[in-house]
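Written out below as structure tokens is the structure these notes cover.
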Amino acid sequence: MLPSVSRCTRHITVSLSVTRSLAHFRPHMDPDPNRPMERTIRTKLTDKFKPDHLEVHNESYMHAVPPGSETHFRVLVVSSQFAGLPLIQRHRLVNEVLKEELSSCVHALAIQAKAPEQWAMDPTLGKSPPCMGGSKGDPTVEEKLKAGRD
Amino acid sequence: MNSLIRSTVRCLRSGPTVCLLRPADGLVRAASARFLCAATDLQKDLGEMVKKDKVVVFIKGTPGQPMCGFSNAVVQILRMHGVDHYASYNVLEDQELREGVKVFSNWPTIPQVYFNGEFVGGCDILLQMHQNGDLVEELKKLGIHSALLDAEKESK
């Protein structure tokens, strides 16, 4: 079986408890050229963390932003660089790598940063809570959307 | 019980919603109208704000009416642990506060959680702490007995 297909199968299996649209699943080897922010995030996280496993999910469709937006993301990074680090330090490392994106287009970033042993014990993607509409009419989000368009 | 709206002394910024959850009541009244403060004053005041209460959160909306799923998750987790007294600041009411707290915490997103003046993290971290049991321990260090311990005891 092709590695990309087996990765797809694995994710379908583990996502039974996670409701997310499979249409939005993108194996990390296949970045979508129409989604520049997603591509940038993948590239930067890959370059920095040399991850054993990486998932970058554009969850903008779950929020009160126009279709095609790249404002809300969930990332799962499995890297030996996280071993021994407290959660906050791991998240700060991820925030630092994506500093530019977070100060421009990306409004929300859900992070799972696991060491390889942790991922092996619990290979599940977290699930973002349902949107409560806060992005609608939010001037900060409007600025981010504009930054994405420019 | 003291007044549920606390205002800072040095800054004219509005106080937090001090959250007191009782089964019948739900949440108390929201923060009053916002005022302007110089950026440096804000950073100084944030230093005080995060220490005033054992648990301080910066969220979108209020505990009674969160305006963001991630902020709501923080509220729900605290509620599950029976944390019924904490300060909550609605960043949607105050753009300066919203940007200022990001600078103060060196953290780019909302919600943000503080325990005893120390930055804990956002929704993801609080959720993971809740899931792995660390939150019960951290609340214990604050002198807060998690309701989940009682629930666990009753189920045995």
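Laboratory data are not the source of any read-out in this text; all were calculated from the coordinates shown. Since the structure is predicted, the reported quantities are computational estimates derived from the model, not experimental observations.
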Worksheet item: What number, in percent, do you get for the relative contact order of the stretch A:24-150 if the mean sequence gap of Cα pairs under 8 Å and at least 6 apart is divided by its residue count?
Response: 25 percent
Worksheet item: Straight-line reach from A:Lys136: which lysines have a Cα under 19 Å away, not including same-chain ones fewer than 8 places off?
Response: A:Lys144, A:Lys146, B:Lys60
Discussion item. List the lysines whose Cα sits under 25 Å from the Cα of A:Lys50, skipping any in the same chain fewer than 8 residues away.
Written reply: A:Lys99, A:Lys114, A:Lys127
